[in-house]
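Structure first, commentary second.
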Amino acid sequence: MIEFEKQYATNHYAYYPKGDFPIYLAYGFRPIFLLLAPYIVLSIILWAFVFAGYINLPIENTLNWHIYEMVFGVGTAMIVAFFLTGLPELFPGVVPIVGRHLAVIVIWWVLGRVSFWFMDYLTIYFTAIINISLTAYIGYLAAIPAFKDRNKKHVSLAYSMVSIVIIQILFFLSVANIIEIDSFKILLLSISLILVLILLALRRVSMESINELLEQEKIDETFLAKSFRYNLVIFCLLLYGFVEFFFPENSTLAYICFAVGSAILGVLNDFKLKDNFILNRPFVLYIVSIIVLTSIGFFFLGFNYLLELHLTNHFRHFITTGSFGLVFYVILIIVSTIHTGREIFTNLALTLGLILIILATFMRAFIPYFLEYSMELYILSSIIWAIPFIIYMKIFFPFLLDKREDGIKG
């Protein structure tokens, strides 16, 4: 088993740069995760106090900027970590970015967060340049090997990054009043586009991690996340995003949401192996929970449109607080385990973290039904949502600050 893991890792790290690097700069995910988890905790609690009315930020349209920072601030960090860690695996021959080059990218992201919180002093143009340029650079790094690959197997990742760069540019042009497009509508479309990238990434991460789990448990089967199922989800999701953008009150949105939710549930068919039942594995349930909660979110949105409940922004938290939160949490766990040379594991604390994110999601989504407790629910749901990332820091920060357990560099 150890020999297999070592050979598997060696294939991916064959082009690792020569030299000694600080362990926190030894691979792309390490510094990003060390900064991202605390940032998630601090920022979500800060936003909770903002929306509860206890903190006043010197920015106009707080909701728009809250969405922006959670989608493009936190989301960009996950994008950076995914591509810097995944490109050497997806494209043999790609040299991992480590050391000083990695430090520059990390500082770039940190500067983007500083520019956001101090936008009133640094100007929106400075904030735009810093944040857009980083997203564009990561897109550039992804596009080079994707288009050079003869089979173009992962070119969808490059196209997805292009869409995210474009939508981010449109957002800043809108808030700077250079173009006359509602910035809120742009942000809503960006959520769909980010979700497309998440699905593309989740398909690849789930195949790697679940097959490693099968090998670890000596199960002689291969898990395949079939592309046609994900392609159907992506088609329905893009249809929803663009119909909502151009026709926000169109009644067909209800049925498109039902289509998205049903297509997402269809992905669960991949988890039915020929000779083994794996849905009872706690680790597999972590990934499945992302799929199920995302589907539930779109069904709630569908009923919202169908019954004209006018709770779209609240039910959308099934996607943002729920799906995005679970993706951040589960990907942090998977990458911090596999890419530090350790066997996949679960424990009560990690499972509790997963349950807390789901609980916080329902609390946040149903605030309109308990308006008399809205301030308390804003704060409490945010604290509950933050706790899993504190659990992550407690368990995984020692891994991130230590060498790979299998002795391989990275």
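The values are calculated or read from the model by the stated rules, or taken from the named source; none is laboratory data. Computed from a predicted structure; not experimentally measured. We place every Cβ from the backbone using ideal geometry, glycine too, and count neighbours over all the protein chains shown. Just the protein is used for accessible areas: all its heavy atoms, side chains included, with ligands, DNA and RNA removed. Shrake-Rupley method; radii C 1.70, N 1.55, O 1.52, S 1.80 Å.
Here are some notes:
- Among 27, 39, 286, residue whose mean-square fluctuation peaks in a GNM of the chain (springs only between Cα atoms under 10 Å): 39
- Taken along its principal axes, the alpha carbon cloud of segment 252-331 reaches lengths of 45, 25, 14 Å, longest axis first.
- Cα point-scatterer Debye curve for segment 92-238, base-10 log of I(q)/I(0) at q = 0.19 Å⁻¹: -1.26
- Cβ charges +1 (Lys, Arg) and -1 (Asp, Glu), total dipole of the chain, debye: 780
- Principal axis box of segment 290-357, alpha-carbon based, largest edge first, Å: 50, 20, 15
- GNM top mover of 277, 324, 172 - the chain, alpha-carbon springs below 10 Å: 277
- Helix 155-175 axis versus longest C-alpha principal axis of the chain: approximately 30°, rounded to the nearest ten.
- Surface share of carbon and sulfur [accessible, 1.4 angstrom probe, percent] for segment 14-85: 64
- Taking only the alpha carbons of segment 298-410, we obtain Rg and Dmax values of 17.6, 58 Å in that order.
- Alpha carbon centroid spacing (whole Å) that separates segment 37-64 from segment 91-132: 21
- For residue 187, net neighbour charge (Lys/Arg +1, Asp/Glu -1) across residues whose Cβ lies under 12 Å away: -1
- Neighbours of residue 228 by Cβ distance under 15 Å: Lys/Arg scored +1, Asp/Glu scored -1, total +3.
- Protection proxy ranking, peptides 209-219, 312-322, average beta carbon neighbours within 10 Å, highest first: 312-322, 209-219
- Since only 341, 170, 242 are under comparison, the one whose Cα sits farthest along the positive direction of the charge dipole of the chain, derived from C-beta charges on Lys, Arg, Asp and Glu, is 341.
- For the chain, lysine pairs separated by 8 or more sequence positions, or belonging to different chains, with Cα-Cα distances below 25 Å total 18.
- For segment 253-299, the equivalent ellipsoid derived from the alpha-carbon gyration tensor has semi-axes of 24, 12, 5 Å in decreasing order.
- Overall dimensions of segment 213-276 by Cα: Rg and Dmax, Å: 16.5, 52
- Within the accessible area of segment 134-191 (1.4 Å probe), percent carbon and sulfur: 61
- For segment 45-103, the spread of Cα positions along each principal axis, largest first, Å: 52, 22, 18
- Local electrostatic count at residue 90 - Lys and Arg +1, Asp and Glu -1, tallied over other residues with Cβ under 13 Å: +2
- Taking the C-alpha atoms only, the angle from helix 29-51 to the longest principal axis of the chain is near 20 degrees.
- Phi-based couplings in Hz for segment 341-357 (Karplus 6.51, -1.76, 1.60; Gly and Pro marked x): x, 10, 6, 5, 8, 9, 8, 4, 5, 5, 5, 4, x, 4, 5, 5, 5
- Taking the accessible area of segment 337-406, probe 1.4 Å, and keeping the other protein chains in place, the carbon and sulfur fraction comes to 72%.
- Each of residue 95 and residue 150 was given a label point 7 Å from its Cα along the Cα-to-Cβ line. The distance between the two points is 2.4 nm.
- With a simple spin-label model that places each label point 7 Å from the Cα along the Cα-to-Cβ direction, the separation between residue 143 and residue 49 comes to 4.2 nm.
- A compact globular protein would have a Cα radius of gyration near 2.2 N^0.38 Å; the ratio found for segment 339-399 is 1.41.
- Accessible area per residue for the chain, computed on protein heavy atoms with a 1.4 Å probe, is 44 Å².
- Along the axis of the charge dipole computed for the chain (Cβ charges of +1 for Lys and Arg, -1 for Asp and Glu, origin at the Cα centre), the listed residues 141, 223, 285 are led at the positive end by 141.
- Against the chain, whose longest principal axis is taken from its Cα atoms, helix 75-90 shows a tilt of about 30°.
- Most mobile listed residue (66, 101, 154) in the chain, GNM with C-alpha springs under 10 Å: 101
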